[in-house]
Amino acid sequence: MGGRDGDKGVLTQGTRLGLVTVLNEAHLADVTSSQASLRQFLLGLPSVDQVGAEARAATLASRSIKTTAKQFAIDLAISMIDLTTLEGQDTPGKVRALCAKAQRPDPSDPSVPRVAAICVYPDLVSTAEAALRGSGVKVASVATGFPSGRTTLEVKQADTRAAVAAGADEVDMVIDRGAFLAGRYAQVFEEISTVKQACGSAHLKVILETGELATYDNVRRASWLAMLAGADFIKTSTGKVSPAATLPVTLIMLEAVRDFLDITGRQVGVKPAGGIRTTKDAIKYLVLVNETAGAAWLSPDWFRIGASSLLNDLLMQRQKMTTGRYAGPDYFTLD
Amino acid sequence: MVTFEYAPAPESRAVVDIKSSYGLFIGGEFTDPADGASFKSINPANEEVLADIAQAGVTDVDRAVAAARKAFSQTWSKMSGRDRGKYLFRIARIIQERARELAVLESIDNGKPIRESRDVDIPLVAAHFFYYAGWADKLEYAGYGVDPRPHGVAGQIIPWNFPMLMLAWKIAPALATGNTVVLKPAETTPLTALLFAEICQQADLPPGVVNILTGAGETGRLLVEHPDVDKVAFTGSTEVGKAIARSVAGTSKKATLELGGKAANIVFDDAPLDQAVEGIVNGIFFNQGHVCCAGSRLLVQESVYDDVLARLKRRLATLRVGDPLDKNTDVGAINSAEQLTRIRELSEVGEAEGAERWSPECVLPERGFWFAPTVFTGVSQAHRIAREEIFGPVLSVLTFRTPAEAVEKANNTPYGLSAGVWTDKGSRILWMSQQLRAGVVWANTFNKFDPTSPFGGYKESGYGREGGRHGLGAYLVPSERSGR
């Protein structure tokens, strides 16, 4: 971590600000001890002004990322993709095809980086694990009664254990939005920490399903709740609810991980998922990361993009930047 | 850790065609000044000379006022409101069509970032013309009696901070109400007003309805004191405003003055802090702080002071200062060497008086006029930097304990143009807006402008309102009958 430069009083990037007046470390230890204290803490977080948050996201989205910056951003975005298939019609064949794409997104150009992970349903984890072994591409599995989460805690635990046992490196759980909206924060906390235990060494991404939480205040509270309960990543959406990821929602979550690191010293990742289809969109998210949480999050370890069709658009733009021409869609593999 | 460097993304200058010299726009044509005097307009970002600009003298002012008088009595005052509206709509549409050109020219001549001229200034210019175009045929319903009349010839003087936008604030309501105008743009930023003159030609506006005289303070004085000017509208410094008020005293001239400010931006402990920080940044670093309604005094409730300051400093470290034409620039160049000197002097006074000065690390270009975003903490009401308008990217931070103290400190200034209130409590917003002696009070936002909203000040910030239905009043003589 950086520090305060004595001479100029300049804050270097990544400095612990110690936001003592609103939150502090000692406070956090007590926060999770009861429903009452958790509720008091979450409702005491600084509120979000909707108009202001949306205006800030829109301003950042107007950054002009060209030439070398665009090349950098395209490769970074590719390396951050959780290449996803979550359909009832998924088969081992489909998953194997996606795994091949994940390792070598553009068969004609080996300089293209591999994606971060493949994201599948738990029953297809073993297929993906076998196809990706030794490649460096992680296997992520949704779990806990994805996408609605409407099942018992026992089933959610079993779902998680099964995915991890089959070889999942990462688990994408959903929170119980019903419990959250009813104000039963301790229950949501309990579920997340229980699932975190069931994950063992696997990384836990907590899906907030922000489209169902509706307000930015709720997004901020749910982000903190998930981080307090042990989330390694907080993720916007299942992709099954509209709206899925949006720039303002991701902005709020990036502010939350930034402030959480500030207070606790623990860094948590962010994953917007759903609805990010074009290179332009992906670059807007990277600008948001860069100017909100900071450069420390510009890595697949700390920022992921859950997507499927995005990858081919990134490849198309990447090729255009190197050759100066757009190739037709048939020059990029459909998997 | 990787770094995401944004490659230069310069807006193309090819859309603008800057001539080597410009004449005066009188009676629908560009003409040379009688005595041939001229001055230069430069690009404040690199001190490059842009063009030779004619300097209007006494003969030229006479000619321009005469052209405006003739257009008023023979054409414009006789035209139906509906027809005047058609011209204004046409001008508004041409401004939209040529928006890119206007934005680039504004950034070159003024030094403001292209993101602002493109996304704020020029869209608002078009919006003002559209808005007042709509009023032109509805004046009898505006609350000024059944048959309100124009004053006649309006002499208008505008500042350099929003050259094209201030032109729109002046010209659009004047023309909609049937007045003709002689407008003097600021000495350092005449180019967009001259392009606007071309737009008037393109719109086939009758000759003499709009006249543009370039020049410095002396030209402005000649215009204000001209006996055939019926109405004076001025936006600029309080010092010049007072001189204008003195010169029109005892005459039949009407005047509206929009002058300086030292606005308080008040952050309560229950404010949405991340958005409040954005509002603080937008309040004082928008347009390099060259904004009369800038939130130059930050009043923070002591209970959240550390938190707000930490967030603010972290945010300021991400501001991008540099080439105004780069689409990623947040803070551009200071408009002139003279203004830069004033900002430097007052900042040095701030340090000398014991306030703590802080700026984020930023590399400033070598040529041109530049000043890093600056925050002063430990400021009290007694400091000069808390009382005098700096008109630059310099924020003075003060604290308060209670809402009453916030109001007291906010109002304890010779100015009264604007204020900002940041709180989650609706009732407090309403209470504060009643207590604050400021023409504009923003709630959970800052520096937001709209043609439908009146703008203007109390005390040394001037008098009269511009914008909205109220803005029509400055250009109308109410009729005695008030039937409808």
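Filtering segment A:242-250 for residues that are surrounded by 23 or more Cβ atoms within 10 Å (Cβ to Cβ), modelled with pLDDT of 95 or more and either on the phi > 0 side of the Ramachandran plot or within 14 Å of chain B (Cβ to nearest Cβ) (or both) leaves a non-empty set. Applying the set (1) assigned to a helix (DSSP H, G or I); (2) closer than 29 Å to residue A:164 by Cβ to residue A:263 leaves exactly one unmet item: (2).
On the stretch given as segment B:1-42, residues that are within 14 Å of another protein chain (Cβ to nearest Cβ) and either assigned to a loop (DSSP other than H, G, I, E, B) or small (Gly, Ala, Ser) (or both) total 11.
Quick check on my filter: what residues within segment B:328-366 are buried (at least 18 other Cβ atoms within 10 Å of the Cβ) and either more than 22 Å from the chain's Cα centre (by Cα) or not assigned by TED's automatic domain parsing to the domain that holds residue B:277 (or both)? Across segment B:328-366, the qualifying residues are B:328, B:347, B:350, B:355, B:358, B:359, B:360. Being of a type in the set (A, V, I, L, M, F, W, C) and either surrounded by fewer than 22 Cβ atoms within 10 Å (Cβ to Cβ) or more than 25 Å from residue B:74 (Cβ to Cβ) (or both) holds for only one residue in B:183, B:191, B:213, and it is B:191. So, residue B:45, is that one more than 14 Å from chain A (Cβ to nearest Cβ), under 30 Å from residue B:208 (Cβ atoms) and small (Gly, Ala, Ser) or not? So residue B:45 fails the test.
One residue alone among B:248, B:224, B:210 is farther than 30 Å from residue B:319 by Cα and touching a Gly at 6+ places or on another chain (Cβ under 7 Å), and that residue is B:224.
Of everything in segment B:375-417 that's farther than 26 Å from residue B:428 by Cβ and assigned to a helix (DSSP H, G or I), which residue is nearest to the other protein chains (Cβ to nearest Cβ)? It comes out as B:385. Taken over segment A:258-280, the criterion of being away from chain B (no Cβ under 13 Å) and surrounded by fewer than 20 Cβ atoms within 10 Å (Cβ to Cβ) is satisfied by A:264, A:265, A:266, A:275, A:277, A:278, A:280. With respect to (1) in contact with a strand residue (DSSP E or B) (Cβ under 8 Å, 6 or more places away or on another chain); (2) within 14 Å of another protein chain (Cβ to nearest Cβ), the lone exception for residue B:76 is condition (2). Restricting segment B:346-374 to residues that are touching a helix residue (DSSP H, G or I) at 6+ places or on another chain (Cβ under 8 Å) and touching a residue at least 60 places away in the same chain (Cβ under 8 Å) leaves a set whose member that is farthest from the other protein chains (Cβ to nearest Cβ) is B:369.
The values are calculated or read from the model by the stated rules, or taken from the named source; none is laboratory data. Computed from a prediction, not measured in an experiment: that's the story for all the values here. All Cβ positions, glycine included, derive from the backbone under ideal geometry; neighbour counts span all protein chains shown.
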